[in-house]
């Protein structure tokens, strides 16, 4: 039993390191600091969950999350000197690597000036993680990673609560 626990611990550690490697690789490709950077861990999300107790649907989702990371890069300002094709390749390659690790592609948009992937790590009745990579009009890159248990019934209720329409997405 101790060996199994050790192996699982090492597996979780390697997954965390891979996630950090992706962020490091992204930073190297971008060559500039993000204009927005948000890193919320389990402790902060637990605190925020308690603060939103009057919004039960929001609180129910947040209490099961372990992390939220957001990076936003402005690509049309004077600081960015990167290669747009290299950014698109990075996004496509990262999405492919996620698929090979067993994540499900919920949506993909590949247009001339926009590239979007929404990837989910699925369990039996819940998502274990959600990642979004969106390059919009070649002017902004947004990367979002949400870790933790996201109950599908809670997510559907939350989307209707905030009037989010995903009917146009090819899921």
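The values are calculated or read from the model by the stated rules, or taken from the named source; none is laboratory data. Please read these numbers as outputs of a predicted model, since none were measured by experiment. All Cβ positions, glycine included, derive from the backbone under ideal geometry; neighbour counts span all protein chains shown.
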Practice prompt. State all residues of the stretch 109-126 that are surrounded by 14 or more Cβ atoms within 10 Å (Cβ to Cβ) and touching a helix residue (DSSP H, G or I) at 6+ places or on another chain (Cβ under 7 Å); if no residue qualifies, say none.
Written response: 115, 117, 119, 126
Item to complete: Any chance you could count how many residues in the stretch 85-108 are over 18 Å from residue 150 (Cβ atoms) and surrounded by 14 or more Cβ atoms within 10 Å (Cβ to Cβ)?
Response: 8
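Okay, residues lined up against (1) on the phi > 0 side of the Ramachandran plot; (2) at pLDDT below 90; (3) out of contact with any helix residue (DSSP H, G or I) (no Cβ under 9 Å at 6 or more places or on another chain):
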{"residue": "67", "(1), (2), (3)": "no, yes, no"}
{"residue": "87", "(1), (2), (3)": "no, yes, no"}
{"residue": "96", "(1), (2), (3)": "no, no, yes"}
{"residue": "101", "(1), (2), (3)": "no, yes, no"}
{"residue": "168", "(1), (2), (3)": "no, yes, yes"}
{"residue": "171", "(1), (2), (3)": "no, yes, yes"}
Worksheet entry | Residue among 98, 119 that is in contact with a strand residue (DSSP E or B) (Cβ under 6 Å, 6 or more places away or on another chain), touching a residue at least 24 places away in the same chain (Cβ under 8 Å) and in a strand (DSSP E or B) | 119
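If you scan the stretch 81-95, which residues turn out to be part of a loop (DSSP other than H, G, I, E, B) and without any contact (Cβ under 8 Å) to a residue 24 or more places away in the chain?
83
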